[in-house]
Amino acid sequence: MRTWPAPHVPELPGRGPEVRVVDTTSGELVVAAPGPVAELYVCGITPYDATHLGHAATYIAFDLLHRAWLDAGLEVHYASNVTDIDDPLLERAAATGVDWEKLAEEQTALFAEDMTALGVLPPTTYLGAVETIPTIADAVQRLLDRGLAYRVPVEEGAGGDRPELGDVYADVQADPHFGSVAGLDHDETVALFAERGGDPQRPGKRDPLDPALWRRERPGEPAWDAGELGRGRPGWHIECTVIAQGALGAEFDVQGGGRDLCFPHHEMSTAHARALGGEGARVHMHTGMVAYDGEKMSKSLGNLVLVSRLRDRGVDPMAVRLAVLGHHYREDWEWTDAHLERAVARLARWRTAVSGNGGPDATSTLEAIRTALGQDLDAPAALRAVDTWADAALSVGGDDEGAPGLVARALDALLGIRL
Ligand code: 5CA
Ligand code: ZN
């Protein structure tokens, strides 16, 4: 899958601190990556209705982590996926009468443009589910061979000319550590599983929570050859397990996404990683949910503010990014036009402040931004530090000729805000 061009990250004097983040599992502030290489997997989009502000906020949050790691002198290996085959994508294509591949392609391209506009650093490994099918099928076959997965009979008409092979499901009860990520009890998880793409009622499963690893062909659905699994398509959680392991190894530093992915997606993908002999991520990070009109912004509800639509209206994408950064990444918040208006005004004020021939010394501003980001990516605190400098620059001024440039470079390198 093609990524988008990497924006330039300006050099800054000195080094940022070690980055600590809140790990979802323990709730504790932990070192995100001991280094010298930091490995990050962030769950990518399912390409329809992209890129709404919820998506944008999540990718901007992990972009802060990426930038803070670079500033701390780490080499960053960043992998992500595109779920370019899955039930919701097929459902949307069918409902709107468009070809699912065309929908996925267009939306993936739009997402890449939005990421460029928002100044998000691209992943170093970026793979679609479809192009990864052979590797995913191998992994599913290994889980069957190890007795950690099993076949479930399919309904009449499913499974093409090999219906007896059935679908394949993972056996969650075979994993003594199942539940390690979200720490929920079994009953809570069944409800969430049903809400978030699972099929607890499917007849023939050992446990209602067992997730699909391989779904056999159904009339009207795309399917791919996969040896003894039979023609079909991959399940969602195993897709991320396989892409993350392939890119980052059996154990890596951080897996991230929005909080809606904590369960079941990250619980299941981590369980699959263990079943394949790895550990998955050491640290799990989850972003808060962005709402609009009183509810979580989501493709299924249709209460969306799209980045591309804001761009079409002539909104400066840096103002969109700044509006997002005004909220801590773990906060749930609601997008309103007032947020955008405040960000536009803030950006204009900062632009004026850095356009003078001098300003107050900015060494402590850079320090304050770095400290804030090192402590669980506290972007709002970093923005306040810039406000303090801008206030001083605009009210009393200063004769440090290097200061405006240093503030502009710090904003660009650490917060992805280009003035
Ligand atoms: N393709 C899967 C992940 S493998 C998926 O969840 N795709 S998505 O398009 O639905 O979401 C992409 C990312 O945006 C996920 O990390 C998801 O948690 C996040 N996200 C979705 N809605 C919101 C929201 N309202 N606020 C914040 N983040 C959101
Ligand atoms: Zn994922």
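Values for this structure:
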| item | result |
| --- | --- |
| Average projection area in nm² (convex hull over Cα atoms of the chain, one quarter of hull surface) | 20.0 |
| Rounded to the nearest 20 debye, dipole of segment 1-129 from Cβ charges on Lys, Arg, Asp, Glu | 360 |
| Computed [θ] at 222 nm, deg cm²/dmol, the chain (DSSP H ≥ 4; -39,500 (n - 2.57); rounded to nearest 500) | -12500 deg cm²/dmol |
| C-alpha long axis of helix 337-354 to longest principal axis of the chain, angle in ° | 40 |
| Nearest 10 degrees, 0 to 90: helix 379-395 Cα axis against the chain principal axis | 20 |
| Cα-centre dipole for the chain with unit charges at Cβ (Lys and Arg positive, Asp and Glu negative), debye to 20 | 520 |
| Dipole axis of the chain (+1 Lys, Arg; -1 Asp, Glu on Cβ), positive-most option in Leu40, Trp4, Gly232 | Trp4 |
| Cα gyration tensor shape for segment 315-384, rounded if a/c is under 1.5, else prolate or oblate | oblate |
| Taking Ile417, Ile136 and counting other C-beta atoms within 10 Å, the order from fewest to most | Ile417, Ile136 |
| Dipole moment magnitude, nearest 20 debye, segment 315-366 about Cα centre, only Lys, Arg, Asp, Glu C-beta charged | 220 |
| Prolate/oblate/rounded label for segment 78-167 (Cα gyration tensor, a/c 1.5) | oblate |
| In degrees, nearest ten, helix 53-71 long axis to first principal axis of the chain (Cα) | 70 |
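Coordinate-derived values only; no laboratory data. Keep in mind it's a predicted model, so treat the numbers as computed, not measured. Neighbour counts run over all protein chains shown; Cβ positions are idealised from the backbone, glycine included.
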